[in-house]
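To start, the structure under review is shown below, and the notes come after it.
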Amino acid sequence: MASVLAFLARWQYLGAFAGIFLEEAGVPLPVPGDVFIAALGASGRAGHASYLMTTLLVFTDTLSGSAVLFEISRRLGQPLLRRVGHRFGFDGARADRVEVWLTTHGSVTVALGRLVPGFRIVLTVAAGALRMGRTNFLVGAAAASILWAAIYYWLGYALGAGVTQMIRTAAGRAYHNPEVAAAVVVVVVLAVVAIVGTVVWKRRATSAERAP
């Protein structure tokens, strides 16, 4: 986190944009995009970044970068899926299950699946290789980007400020400002939805694996 903060201190939003875009486009990086967003949250605690700009940055990066990887995957197809999936333990059986999920649930699968750590890039490749509709993919990716930004920005904010101090500050501001209270509630609800959705999705995947 410290090295990313130093990087962002020099390059600011441009550095975060480049890092997240490259990862979304499928370029392997030593630091995942989650850390960039969390670092922006920590910088936001110091007044050097904002939640709105971070959300816009993540939203733009996700749609543009994932669209590039999606189109490459559509062109290269199953061979690319097998090559990328092998690196993440994504075998043929899992590819078949993901194809079913993408076919039956479409954008919902993309939105929830991209929030699972380590599964975001694989899911993009799978969606492209399995020739999912572009509109459905982008809708799911857009929804996931907003949740992704909210979860990791405020996580970084909490780590930067200290969880206790953050809660006290947020509670004090919410008490005096209804708009802040509403924003806090929205972020909490989105985080809970993301966590619950991920848990349900994993349980269904486990049940599918056990089924004959």
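Order the following by accessible area, largest value first: Val35, Val68. Probe radius 1.4 Å; ligands, DNA and RNA are ignored.
Val68, Val35
Quick check on packing: order 125-136, 42-53 by the mean number of other C-beta atoms within 10 Å, highest mean leading.
In descending order of packing, they fall as 125-136, 42-53.
Which order, highest average first, do 106-113, 70-77 follow once you tally other Cβ atoms within 10 Å for each residue and take the mean per peptide?
Per-residue Cβ counts within 10 Å, averaged per peptide and sorted highest first, yield 106-113, 70-77.
The values are calculated or read from the model by the stated rules, or taken from the named source; none is laboratory data. Quick caveat, the model's predicted, so the values are computed rather than measured. Every residue, glycine among them, receives a Cβ derived from its backbone with ideal geometry; neighbour counts consider all protein chains shown. Side chains are part of the model used for accessible areas, which takes the heavy atoms of the whole protein and leaves out ligands, DNA and RNA. Shrake-Rupley method; radii C 1.70, N 1.55, O 1.52, S 1.80 Å.
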